[in-house]
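K.L.:
Below is the structure I would like to discuss, written out as structure tokens.
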Amino acid sequence: MHQTHDFQARANLLLVLALAVPGTALAYSEKDAIRDCESRIRSEYKLSDLRDATAERLNDTALHFKVQGLTKVDGDKHPWTCEVKNRHVTAAEYSGPKPKGLGTAEKLAIGTAAAVAGGIAINEMSKHGSTSEASAGAGGAKELQDLVGARAAGGESELQGRGYTYASGSKGGDSSYTNWKKGSHCVTVRTTNGHYKSIVDVTMLDCK
């Protein structure tokens, strides 16, 4: 009988400790901190080849970690750092080069040049009586210029109504960029202050 009483007392003590420290049941370890930091680095800096990450738990506050690792870009390794407090990433820093490939600004510039070139080609065809054939092949950003200046919410509905589907999105500076595809066309829409500022053609790689 005495042993049963002791066992019950110990069980009650363990229950009290578990309730007093709720994080005990769902421990957050160095591996969790590395996972969350790598996810933030991938998302924020568009990096994919992350490696050699390590985490150090600090004793100043509960669940405070310093994480660091390397990313391989164009054959060279570059460092990144991250900080986690109470299961949340509070800082993520990377100052190395970005992976090769066209950035959003370059894509917009190329898309604008392509739209201008396309317009010139269509005008030339019109001079030779081929307007109907040019119209039959029209598509992409050219047919969406009437949406420039529209509110983003209404613009998305209009894009979907015209057969476009959302592919991906990103942010840069004070603007956001969304990619939409329709058949063999892929367009990038730049939105600033809640309104569409530009719509240009990009390659189908941006819509995958």
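K.L.:
What tally of residues in the range 147-170 results from selecting those that are part of a loop (DSSP other than H, G, I, E, B), farther than 23 Å from residue 203 by Cβ and among the aliphatic types (A, V, I, L, M)?
P.N.:
Applying the first criterion (part of a loop (DSSP other than H, G, I, E, B)) to the range 147-170 yields 148-150, 162-164.
When the remaining residues are screened for being farther than 23 Å from residue 203 by Cβ, the result is 149-150.
With among the aliphatic types (A, V, I, L, M) added as a condition, the list becomes 150.
Looking only at that region, the number is 1.
K.L.:
Within the range 45-70, which residues are in contact with a Pro (Cβ under 8 Å, 6 or more places away or on another chain) and under 21 Å from residue 172 (Cα atoms)?
P.N.:
Those that are in contact with a Pro (Cβ under 8 Å, 6 or more places away or on another chain) and under 21 Å from residue 172 (Cα atoms): 46, 47, 48.
K.L.:
Still on this structure, I have one more. How many residues does the range 59-96 contain that are among the hydrophobic types (A, V, I, L, M, F, W, C), at pLDDT 90 or above and either over 13 Å from residue 39 (Cα atoms) or not assigned by TED's automatic domain parsing to the domain that holds residue 36 (or both)? Give the derivation first.
P.N.:
Step one: of the range 59-96, the residues among the hydrophobic types (A, V, I, L, M, F, W, C) are 62-63, 65, 67, 70, 73, 80, 82, 84, 89, 91-92.
After this cut, where a residue has to be at pLDDT 90 or above as well, the list is 65, 67, 70, 80, 82, 84, 89, 91-92.
Narrowing the set further to residues that are either over 13 Å from residue 39 (Cα atoms) or not assigned by TED's automatic domain parsing to the domain that holds residue 36 (or both) leaves 65, 70.
So the count comes out to 2.
K.L.:
Has the range 155-163 got at least one residue that is crowded, with 19+ Cβ neighbours inside 10 Å and of a type in the set (A, V, I, L, M)?
P.N.:
yes
K.L.:
Hey, which of the strands (runs of 3 or more DSSP E) in the range 32-88, taking only ones fully inside, have at least 1 residues that are at positive phi and surrounded by fewer than 14 Cβ atoms within 10 Å (Cβ to Cβ)?
P.N.:
Because the criterion is at least 1 residues that are at positive phi and surrounded by fewer than 14 Cβ atoms within 10 Å (Cβ to Cβ), the strands (runs of 3 or more DSSP E) in the range 32-88 that meet it are 50-58.
The values are calculated or read from the model by the stated rules, or taken from the named source; none is laboratory data. Fair warning: this is a prediction, and the values are worked out from it, not measured in the lab. Glycine also receives a Cβ, built like all others from the backbone with ideal geometry; neighbour counts cover every protein chain displayed.
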